[in-house]
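Working notes for the structure below.
The values are calculated or read from the model by the stated rules, or taken from the named source; none is laboratory data. This one's a predicted model, so the numbers in the text were calculated from it and none came from an experiment. Positions of Cβ are generated from backbone atoms using ideal geometry, with glycine treated the same way; all protein chains shown enter the neighbour counts.
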Amino acid sequence: MSIIIRFLATLLLSGVLMGCAISGVNGELENHISRLVDETTKSAKTQEKALAELGKLGQQAVPSLIGHLSDNRPLAAPKITLANKASDSFEASRHYSPETVHDAIAAILNQITGESFLFVYNGATPEERKQNYEKWKLWCKSNYPGKIEACGNEP
């Protein structure tokens, strides 16, 4: 009987430790994304580097990026260049003039997911940004049900 209890205790402890490890990894990713988002508002050079790195984070970063769509701080420089992944594209790159963090993150989300709700990549009104954020949150919650908290606050 004591062998079974020790086995169950070990199993329970390993599950708890695994959960803590996963939580720590997710927390590290969240912090990394937040730091990169902050870099987009400091200088044109740090913005370019940060946006490139955000785009390279891929699918794992999507819920957190959506959570950052509530950030309407002005960018350091109103420009972003992304690789054109469309199969029918005639140019290698896409160039936009985003005004805010929201606008740039929306372009990166489109790059990663292929989704687009409102075209805000060249700037938008506050109301358009709000609508875009709400649509992304709904999409996030249906596509990343285990990451609902990262997707942003309830409307």
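Looking at segment 100-151, which of its residues are among the polar types (S, T, N, Q) and either in a loop (DSSP other than H, G, I, E, B) or more than 20 Å from Gln60 (Cα to Cα) (or both)?
In the first step, residues of segment 100-151 are kept if they are among the polar types (S, T, N, Q); the result is 100, 110-111, 113, 116, 122, 125, 131-132, 142-143.
Within segment 100-151, Thr100, Ser116, Asn122, Thr125, Gln131, Asn132 qualify.
When you go through Leu109, Leu138 one by one, which is the residue that is of a type in the set (A, V, I, L, M), at pLDDT 95 or above and touching an Asp or Glu at 6+ places or on another chain (Cβ under 9 Å)? If you could, list the steps in order and put the result at the bottom.
Numbers: Leu138 fails: touching an Asp or Glu at 6+ places or on another chain (Cβ under 9 Å).
Answer to the check: Leu109.
Residue under question is Ala150, and the condition is that it be touching a Pro at 6+ places or on another chain (Cβ under 6 Å), touching a residue at least 12 places away in the same chain (Cβ under 8 Å) and buried (at least 16 other Cβ atoms within 10 Å of the Cβ); does it hold?
On the way: touching a Pro at 6+ places or on another chain (Cβ under 6 Å): yes; touching a residue at least 12 places away in the same chain (Cβ under 8 Å): yes; buried (at least 16 other Cβ atoms within 10 Å of the Cβ): yes.
Yes; evaluated as a whole, the condition is true for this residue.
Which residue pairs have Cβ atoms closer than 6 Å, lie 6 or more positions apart in sequence or on different chains, and pair a first residue in segment 69-86 that is small (Gly, Ala, Ser) with a second residue that is assigned to a loop (DSSP other than H, G, I, E, B)?
Sorted first by the residue in segment 69-86, then by its partner, the pairs are Ala76/Thr41; Ala76/Lys42; Ala76/Ser43.
Would you check if His68 is over 11 Å from Ile108 (Cα atoms), at pLDDT 95 or above and either in contact with a strand residue (DSSP E or B) (Cβ under 9 Å, 6 or more places away or on another chain) or crowded, with 16+ Cβ neighbours inside 10 Å (or both)? Steps first, answer last, please.
Working: over 11 Å from Ile108 (Cα atoms): yes; at pLDDT 95 or above: yes; either in contact with a strand residue (DSSP E or B) (Cβ under 9 Å, 6 or more places away or on another chain) or crowded, with 16+ Cβ neighbours inside 10 Å (or both): yes.
Spelling it out, His68 is indeed over 11 Å from Ile108 (Cα atoms), at pLDDT 95 or above and either in contact with a strand residue (DSSP E or B) (Cβ under 9 Å, 6 or more places away or on another chain) or crowded, with 16+ Cβ neighbours inside 10 Å (or both).
Tell me the residue from Leu29, Leu17, Leu54 that is surrounded by 16 or more Cβ atoms within 10 Å (Cβ to Cβ), part of a helix (DSSP H, G or I) and modelled with pLDDT under 95, please.
The unique qualifying residue is Leu29.
If we scan segment 89-98, do we find a residue that is closer than 16 Å to Ile33 by Cα, touching a residue at least 12 places away in the same chain (Cβ under 8 Å) and of a type outside the set (D, E, K, R)?
no
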